[in-house]
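The values are calculated or read from the model by the stated rules, or taken from the named source; none is laboratory data. Remember, predicted model here, so these are calculated numbers, not experimental data. Positions of Cβ are generated from backbone atoms using ideal geometry, with glycine treated the same way; all protein chains shown enter the neighbour counts.
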Amino acid sequence: MKIIPQCVAAIAAAGTLLAPSSATAQTTSFNTGSLGSPGNGTNTANVTLGLSGAISAGNDLAVGYAGGAHTSVDFNPALNPAAGSPFTIEFWAKPGIVVDDGLGPAPVFNRVSSGSRSGWVFFQRSGATGWNFRMYDGNGSNTGFDLTGGTYSVNAWSHVVAVWDGSTPLLYVDGLLADNTSTGSGIYNASSQAKFTIGSYDDSANPFTGSIDETAFYQTALNPAQILAHFNAAASPIAGTYSSLIHSDGAVEYLQNNPIPEPSSVALIGLGLAGCGFNRFRRK
């Protein structure tokens, strides 16, 4: 089916209807993925909103984090599949500072840290070492899988994706495979209580300094072609190309960080979508 540029923009605009309005932006980041409002994130008071985002077109906005500021989504089974079930986590990160390999700023976190650890977490390592994705095996603080790769630059956007197919993890950075040779016990202990958190741990520890945008979670293992397509779509000059692709690939959690349209804009979006349906009918 041919995708009409005007339809891409209308679909993308419709996808922002649950995104934050100015009245609620300080406390809530709205989920536009299929999980809906149970995937809404709560922002701490010192989260910085309205920063320039990773997507080229459409006045995209991102969120800034520092000092333990974070966005946290309450535990939900949809974001914590069973250990043998596939999933994918995706986000764009723009580090504001250089760190060394001994530090562990956590841009995205979904781990239970007390007792026997479960779940997973991303760490920012040094620019030369890149991004680190760890999954835990339920035996103290032991890692089940540990992947690292993909260099980054300060004040530049990196596209980071981890894929779990139910038995093996893969790490992609900027559309390309960064590591598939994990160390660890080879066991993953899925969490039954972790909070999906952006910007630091859920208790504000291990703070990330910089911007995060377009965080998405899928209950499927995205393939290499899909991941590369997402990376490339961010540079599209057509507004909505990126977000429509994330929705069509089945994101259950998707924090776009963009403002809600005014009521008059909503009406125009509806007309645009209706026109898309008409055009599609005419082209059969």
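Looking across region 43-56 at every residue that is of a type in the set (Gly, Ala, Ser) and crowded, with 18+ Cβ neighbours inside 10 Å, the one that is nearest to Tyr188 (Cα to Cα) is identified as Ala54.
Residue pairs whose Cβ atoms lie under 6 Å apart, separated by 6 or more positions or on different chains, with the first residue in region 146-164 and acidic (Asp, Glu) and the second assigned to a strand (DSSP E or B), are Asp146/Arg134; Asp146/Thr183.
Matching residues to (1) out of contact with any Gly (no Cβ under 7 Å at 6 or more places or on another chain); (2) surrounded by fewer than 24 Cβ atoms within 10 Å (Cβ to Cβ); (3) under 21 Å from Leu35 (Cα atoms):
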site	(1), (2), (3)
Tyr201	yes, yes, no
Phe208	no, no, no
Ala229	yes, yes, no
Val252	no, yes, yes
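Could you go through region 111-119 and let me know if any residue there is in contact (Cβ under 8 Å) with a residue 60 or more places away in the chain, under 22 Å from Thr168 (Cβ atoms), buried (at least 23 other Cβ atoms within 10 Å of the Cβ) and of a type outside the set (Gly, Ala, Ser). Scanning region 111-119, I find at least one residue that is in contact (Cβ under 8 Å) with a residue 60 or more places away in the chain, under 22 Å from Thr168 (Cβ atoms), buried (at least 23 other Cβ atoms within 10 Å of the Cβ) and of a type outside the set (Gly, Ala, Ser), so the answer is yes. Cβ-Cβ contacts under 7 Å between residues 6 or more apart (or on different chains), taken from a first residue in region 23-40 that is farther than 14 Å from Phe196 by Cβ to a second residue that is modelled with pLDDT under 95 and β-branched (Val, Ile, Thr), are listed as Thr32/Thr16. Look at Asn132 and say whether it is touching a Ser or Thr at 6+ places or on another chain (Cβ under 9 Å) and not in a loop (DSSP other than H, G, I, E, B). The answer is yes for Asn132. Taken together, the residues in region 166-191 that are buried (at least 17 other Cβ atoms within 10 Å of the Cβ), among the aliphatic types (A, V, I, L, M) and touching an Asp or Glu at 6+ places or on another chain (Cβ under 7 Å) amount to 1.
Counted as qualifying within region 191-284 are the helices (runs of 4 or more DSSP H) with 1 or more residues that are of a type in the set (Val, Ile, Thr) and modelled with pLDDT of 95 or more, namely 224-233, 241-248.
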